[in-house]
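Following: one structure in structure tokens, then a few remarks.
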Amino acid sequence: MLSYRSGWHQQLYSIPWDVVVVGAGITGLHAAIHLKQEQPNWRVLVLEQHSWGASATTQNAGFLCLGSPGELLSDLNQFGEHAVMKTLSLRWRGARRLLSGMGGKKIGWKKTGGYEGFTDSQNQEFALVQNNLKQLNIIMHRITGMENFYSEVSRKEIPLPKNHGFLGGFKMKFEGQIQPALLWENLKLKALNLGVFFQSDVKVEQITTDKKEYLLLNNGPSPLLKTSKIILATNAATGSIVPNVAIVPGRGQVILTKAIAGFPLKATFHAEQGYLYFRNVGDRLLLGGGRHWDFKTENTLEIANNSNITNQLKDYAEKFIVGAPIEIEHQWSGIMGFTPDKQPILTEHAPGWVIAAGLNGMGMAMGAELGRLAAEKLFVKKKSSVKDSV
């Protein structure tokens, strides 16, 4: 809670801010960092509703990826090549910005490469990707400059226990693991060192205007913060502040097993068009996703366990990944924000009020670039449309 415990706090926070960034995930913190780098004299305040970190940035599975071939092919069929190229470009620019701006050690980066696997029941989907692999690699070459970004691997080449349940799959050149909590702490530290102010446990409930200022109503003892500019980087929660915004929350369940002796996986792994994802954490298995098993329940802002999904994740791990019983050591969930066209929202909602949200489960890849673009919208008036600016 933003608490004015003394007159000193009231004096500091009651003065109008140049910019208030609502949301302290990857997008919001990168926006604040870019604001202070470009305008060091601006007073910038970041607000976060949670005390333990952002609801997607610190709660995810720790993948830095651009998308598996099965998911990419599905997106091409649903949204078309132009839309897919735009999102891929943003992911690629964002991933490079994150790595160059933070450095690998500060985010726990391991360039492991990634895989996508297909089970026997998915032999038709597997064949479709095989038949379209050349087209998919042409697209990825345009984005990354890498030849043969995707390559087919046999069942024996998949780095899982010998009795795994995948018939075959594909390997991805650029993909790796990060430590989300370490990333968040170091991002926050970088922002603080630049002079950004930070307050957690502050949930912005409403934003109104008073002449040329925005007034933020929050859950603290003092009902208002004043600012001339706002960046709303609240992803899935954006609709609770701005009605009718086209973002649907999607909760992701994650389980982490106890140590598995001789577990061979040392990479990231995707399945079922990106709805399932797993990786190793040392010699343990981390498995997440499963929204497609219970969309209705998982379209929520509540951070909670869905026992139906976690039980299915456990069964999936035992049948297809490990081939043996597992023990769950820890489980959690995080909230993502999804848009109907799978394009992020980057728009000037009102003069000096920018919304940057709806990252469609790819915040690790695109958040750094989306945050920079949001900050840039407060510097320069652009005539381009919302989608063109992304």
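The values are calculated or read from the model by the stated rules, or taken from the named source; none is laboratory data. For clarity, every value in this text was computed on a predicted model and none was experimentally measured. Quick reminder, even Gly has a Cβ in these numbers, built from the backbone with ideal geometry, and neighbours come from all protein chains shown. These area figures cover heavy atoms from the full protein model, side chains too; ligands, DNA and RNA do not enter into them. Shrake-Rupley method; radii C 1.70, N 1.55, O 1.52, S 1.80 Å.
Laid out as a table, the results:
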item: Over the chain: helical MRE at 222 nm, DSSP H runs n ≥ 4 each giving -39500 (n - 2.57), nearest 500; result: -9500 deg cm²/dmol
item: Of every Cα-Cα pair in the range 258-365, the percent that sits beyond 25 Å; result: 33
item: Listed pairs Lys105/Lys188; Lys266/Lys342; Lys36/Lys188; Lys162/Lys319 exceeding 21 Å between Cα atoms; result: Lys266/Lys342
item: Ranking by accessible area, most exposed first, for Lys86, Lys110 with a 1.4 Å probe; result: Lys110, Lys86
item: Full-stretch length increase - Trp8, Ala83 - with 0.36 nm per residue and alpha-carbon distance subtracted; result: 22.0 nm
item: Among Lys188, Lys173, Lys296, residue whose mean-square fluctuation peaks in a GNM of the chain (springs only between Cα atoms under 10 Å); result: Lys296
item: The range 264-307, Cα convex hull volume normalised per residue, Å³; result: 97
item: Of Gly290, Gly282, Gly169, the one that fluctuates the most in a GNM where the chain has Cα springs shorter than 10 Å; result: Gly282
item: Positive-pole candidate from Val129, Gly323, Leu183, dipole of the chain, charges at beta carbon; result: Leu183
item: The chain: most fluctuating residue of Ala271, Ala233, Ala83 per GNM, C-alpha cutoff 10 Å; result: Ala83
item: Accessible area of the chain belonging to carbon and sulfur atoms, whole % at 1.4 Å probe; result: 50
item: About the Cα centre, charge dipole magnitude for the chain (Lys/Arg +1, Asp/Glu -1 at Cβ), debye; result: 1100
item: Separation between Cα centres of the range 274-328 and the range 201-273, rounded to whole Å; result: 22
item: Additional length obtainable on full extension of the chain from Glu205 to Phe295, 0.36 nm per residue less Cα span; result: 29.8 nm
